[in-house]
Amino acid sequence: MNQQLAIQSSYTITTDTLTLEPLNTLTTATLVREKHQSLIVDQPVITILSSNCELDGSTMLLRKKLMQFCMNQAIKKIPVVVNVKDGLVMMPTTSISSRDCCWISLNRIRKCYPVPRQKETLVLFKCNEHTTIPVSVTQFTANLKRADKAFHQFLKHSSHH
């Protein structure tokens, strides 16, 4: 599959967004996978997440702190609510300080499966697209449950303000 991908200078996360992945270690560009296409954004993943949080009326730091409070723990894989109204939550697959951290749209995941003989997880999205991430299915499932629970707590807390 050697297709030419569209390059954009910025990106708005939508319900079609599946993943945000660092393109490679040589650049700060991001590979965005959507329901029916992939594209390259000439910005780091964190910049895309931050600007989308700000478009939705808050900073990424504030949203991370609220999610951390909702999760009741200090962990390095804090999901970020980028759009409250549309319920768009992006979940990191590894520590967000990791150079190869991929972010997956929580509300687009249908199911996940272990990759045999690998410490990897095959993630199947609701649109029947899929991706493989370098995290065990046990750990990924635990992160999913934590993120989903925290998002519901986030909604409770944010509706009071």
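The values are calculated or read from the model by the stated rules, or taken from the named source; none is laboratory data. All values reported here derive from a predicted model rather than from experimental measurement. Cβ: placed from backbone, ideal geometry, glycine included. Neighbour counts: every protein chain shown.
Quick notes
- Among the numbered conditions (1) in a loop (DSSP other than H, G, I, E, B); (2) under 24 Å from Arg99 (Cβ atoms); (3) small (Gly, Ala, Ser), the only one that Ser51 does not meet is (1).
- One residue alone among Leu31, Leu26 is of a type in the set (A, V, I, L, M, F, W, C) and under 26 Å from Leu124 (Cβ atoms), and that residue is Leu31.
- The stretch 85-119: number of residues that are surrounded by fewer than 17 Cβ atoms within 10 Å (Cβ to Cβ), over 18 Å from Met71 (Cα atoms) and free of Cβ contacts under 8 Å to residues at least 60 places away in the same chain: 12
So that you can scan it fast, the table gives a plain yes or no per residue for (1) in a strand (DSSP E or B); (2) touching a residue at least 60 places away in the same chain (Cβ under 8 Å):
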| position | (1), (2) |
| --- | --- |
| Val123 | yes, no |
| Thr138 | no, no |
| Asp148 | no, no |
| Ser158 | no, yes |
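- Near pairs, Cβ below 9 angstrom, 6+ apart or cross-chain, from the stretch 2-25 (within 12 Å of Asp100 (Cβ to Cβ) and modelled with pLDDT under 95) to any residue that is surrounded by 15 or more Cβ atoms within 10 Å (Cβ to Cβ) and among the small types (Gly, Ala, Ser): Pro22/Ala29; Leu23/Ala29
- When the residues of the stretch 8-25 are filtered to those that are over 17 Å from Ser51 (Cβ atoms) and loosely packed, with under 13 Cβ neighbours inside 10 Å, the one that is nearest to the chain's Cα centre (by Cα) is Asn24.
- Sole exception among (1) closer than 23 Å to Thr132 by Cα; (2) surrounded by 15 or more Cβ atoms within 10 Å (Cβ to Cβ) for Gln37, by number: (2)
- Here Pro116 meets each of (1) part of a strand (DSSP E or B); (2) farther than 20 Å from Leu55 by Cβ with one exception, condition (1).
- Qualifying residue in the stretch 42-53 (condition: crowded, with 16+ Cβ neighbours inside 10 Å, in contact (Cβ under 8 Å) with a residue 24 or more places away in the chain and over 16 Å from the mean Cα position of the chain (by Cα)): no
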